[in-house]
Amino acid sequence: ISLDPSEEKTNWTNHLFKLKNGKIVALIKERLVIIEPTFLKQLTTKDNILINRIETGDSTILIHENATKINFKADENSFGINYGIVSPPNVNKYKFFYKLDGYDKGWVLGDKRFLAIYAKIAGGDYTFKVRATDINNHELPIQTLLIHIDTVFYKTTWFIAFCLIFAAFLLYSFIIFRTNQRKKIYHLQLQSTKLEKDKTEIQYQNLINHLNPHFLFNSLTSLNGLILSEPDTASDFLQKLSKIYRYILQHKDNEAVSLEQELAFVENYVSLQKSRFDNGLKVSINIEDEYLESGIVPVTLQNLFENAIKHNTVEEDKPLTISVYAENEYLVVKNNLQKKNFVETSNKQGIDSLKSLYKYLSTSPLETIETETEFIVKIPLL
């Protein structure tokens, strides 16, 4: 038998010998081959499509007759599939079409190599199909082969689900951590604010509790002088002094009182101060009725009046003038400036304590304005 396996002509001679047991011995290319005739099948003359092998890199997988599914590892996702028909002489009269379901969008026309090549196919399950038609549009039965390619672990559903769950856990943990941190910070801020407020209130209570001992001394001195000379006036004087300290005792624990109550209180205070300074002190209070129900910190006006008297000279020929009026939700206390050269009892904390206290009670600050001729305090009404 003369074979033509390459471009060069090479002759191979085969010798067949029949043995007594019916088997046949053949010498093929320096090898001895025993053939069992009972295992030989008569070739069919019917043309059938055949998927015979798959090539992956350096390896070749032969497709057996009963093979219906091929499994590949994740890194074996590039391969070529060989196909043809059982009757090689008839192969050229057919057009072949192939398709990889799950990858190809439609049928692909095959070429003379009878080879379908696929590269870098994603993991999953696919079905490779081959069909053929002759010139008379007679179509051979479609041949199929199931192909499974393992998915890279980081692209698998379980791994993606794990990553999503882990990311959600990290996000949840971070949110819980930040929430707890904010709660701690907020709690510390509340404590700090409360301590600052308590400190301010204590400082202000000290101002109230130590309400102008010089005022009390001067008031008692004036009262002593009136008892013998003007007993009726002395009695009225004592009643007003009593009302002042009763007001302080009644409202020392209140954050705010009505402006009407504060004005009634300060009128008694002004009356006692006028008994001392006579025409050297002039006070003008002009408040519209619509502001009388507004709130104010107790003893605010008394502190501001005392501050004005303490820092300025009060004389009949140069009177100290204090004006009180409401303007744009503020109570304004204004006095002319005629500063003393030395203020013996000043600790310079009265107005600062008022500013700190109003900061916690109002969104509007207590303001002070000093010009060359006037000192103005603007108190936010509560």
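What are the residue pairs meeting all of these: first residue in the range 147-176, first residue open to solvent by 80 Å² or more (accessible area, probe 1.4 Å), second residue in a helix (DSSP H, G or I), Cβ atoms under 6 Å, and 6 or more apart or on different chains?
Phe153/Phe159
Looking at (1) closer than 26 Å to Leu381 by Cα; (2) surrounded by 14 or more Cβ atoms within 10 Å (Cβ to Cβ); (3) modelled with pLDDT under 80, can you tell me which one Leu263 breaks?
Failed condition: (3).
What number of residues within the range 241-270 are within 13 Å of Gly295 (Cα to Cα) and not in a helix (DSSP H, G or I)?
So the answer is 5.
If you take the residues of the range 342-382 that are touching a Pro at 6+ places or on another chain (Cβ under 9 Å) and modelled with pLDDT under 90, which of them is least open to solvent (accessible area, probe 1.4 Å)?
Tyr358
When you go through Ile147, Ile175 one by one, which is the residue that is at pLDDT 90 or above, not basic (Lys, Arg) and not in a strand (DSSP E or B)?
Numbers: Ile147 fails: not in a strand (DSSP E or B).
Exactly one of Ile147, Ile175 is at pLDDT 90 or above, not basic (Lys, Arg) and not in a strand (DSSP E or B), namely Ile175.
Any chance you could count how many residues in the range 271-299 are within 17 Å of Glu255 (Cα to Cα), part of a strand (DSSP E or B) and open to solvent by 40 Å² or more (accessible area, probe 1.4 Å)?
Total meeting the criteria: 0.
Which pairs do you get when a residue that is among the β-branched types (Val, Ile, Thr), found in the range 268-283, comes within reach of a residue that is assigned to a helix (DSSP H, G or I) and open to solvent by 10 Å² or more (accessible area, probe 1.4 Å), reach meaning Cβ atoms under 8 angstrom, with the pair 6+ apart or on two chains?
Val283/Val270; Val283/Lys274
Of everything in the range 320-341 that's under 14 Å from Thr373 (Cβ atoms) and of a type outside the set (Val, Ile, Thr), which residue is most open to solvent (accessible area, probe 1.4 Å)?
The extreme case among them is Lys339.
Out of the residues in the range 35-49 meeting the condition of being outside any loop (DSSP other than H, G, I, E, B) and open to solvent by less than 80 Å² (accessible area, probe 1.4 Å), tell me which one is modelled with the highest pLDDT.
Step one: filter the range 35-49 for residues outside any loop (DSSP other than H, G, I, E, B), giving 35, 37-39, 49.
If we keep only those that are open to solvent by less than 80 Å² (accessible area, probe 1.4 Å) too, we end up with 35, 37, 49.
Values: Ile35: 83, Pro37: 79, Ile49: 87.
The selected residue is Ile49.
Mind counting the residues in the range 359-376 that are assigned to a strand (DSSP E or B) and closer than 23 Å to Thr193 by Cβ? Can you show your working first?
Restricting attention to the range 359-376, the residues satisfying the condition of being assigned to a strand (DSSP E or B) are 367-370, 374-376.
Within this subset, residues satisfying the condition of being closer than 23 Å to Thr193 by Cβ are 367.
The number of residues fulfilling the criteria is 1.
Restricting the search to the range 268-286, which residues are in contact with a helix residue (DSSP H, G or I) (Cβ under 7 Å, 6 or more places away or on another chain) and of a type in the set (Lys, Arg)?
Arg276, the sole residue that qualifies.
Okay, residues lined up against (1) among the hydrophobic types (A, V, I, L, M, F, W, C); (2) surrounded by 12 or more Cβ atoms within 10 Å (Cβ to Cβ):
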{"position": "Glu55", "(1), (2)": "no, yes"}
{"position": "His64", "(1), (2)": "no, no"}
{"position": "Asn77", "(1), (2)": "no, yes"}
{"position": "Pro89", "(1), (2)": "no, no"}
{"position": "Tyr98", "(1), (2)": "no, yes"}
{"position": "Val108", "(1), (2)": "yes, yes"}
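Considering only the range 284-296, I want to know if a residue exists there that is in contact with a strand residue (DSSP E or B) (Cβ under 9 Å, 6 or more places away or on another chain) and at pLDDT below 90.
We begin by selecting, within the range 284-296, every residue in contact with a strand residue (DSSP E or B) (Cβ under 9 Å, 6 or more places away or on another chain); these are 284-288, 290-296.
Subsequent filtering for residues that are at pLDDT below 90 retains none.
Among the residues of the range 284-296, not one is in contact with a strand residue (DSSP E or B) (Cβ under 9 Å, 6 or more places away or on another chain) and at pLDDT below 90, which makes the answer no.
Could you please let me know if Asn11 is over 60 Å from the mean Cα position of the chain (by Cα), polar (S, T, N, Q), at pLDDT 70 or above and open to solvent by 100 Å² or more (accessible area, probe 1.4 Å)? Don't jump to the end; show me each part of the working.
Details: over 60 Å from the mean Cα position of the chain (by Cα): yes; polar (S, T, N, Q): yes; at pLDDT 70 or above: no; open to solvent by 100 Å² or more (accessible area, probe 1.4 Å): yes.
When the stated conditions are applied, Asn11 does not pass them.
The values are calculated or read from the model by the stated rules, or taken from the named source; none is laboratory data. Just so it is clear, the structure is predicted and the values come from calculations on it, not from any experiment. Using ideal geometry, Cβ is built from the backbone for each residue, glycine included, and neighbour counts are taken over all protein chains shown. Areas reflect the complete protein model, heavy atoms only, side chains present, ligands, DNA and RNA absent. Shrake-Rupley method; radii C 1.70, N 1.55, O 1.52, S 1.80 Å.
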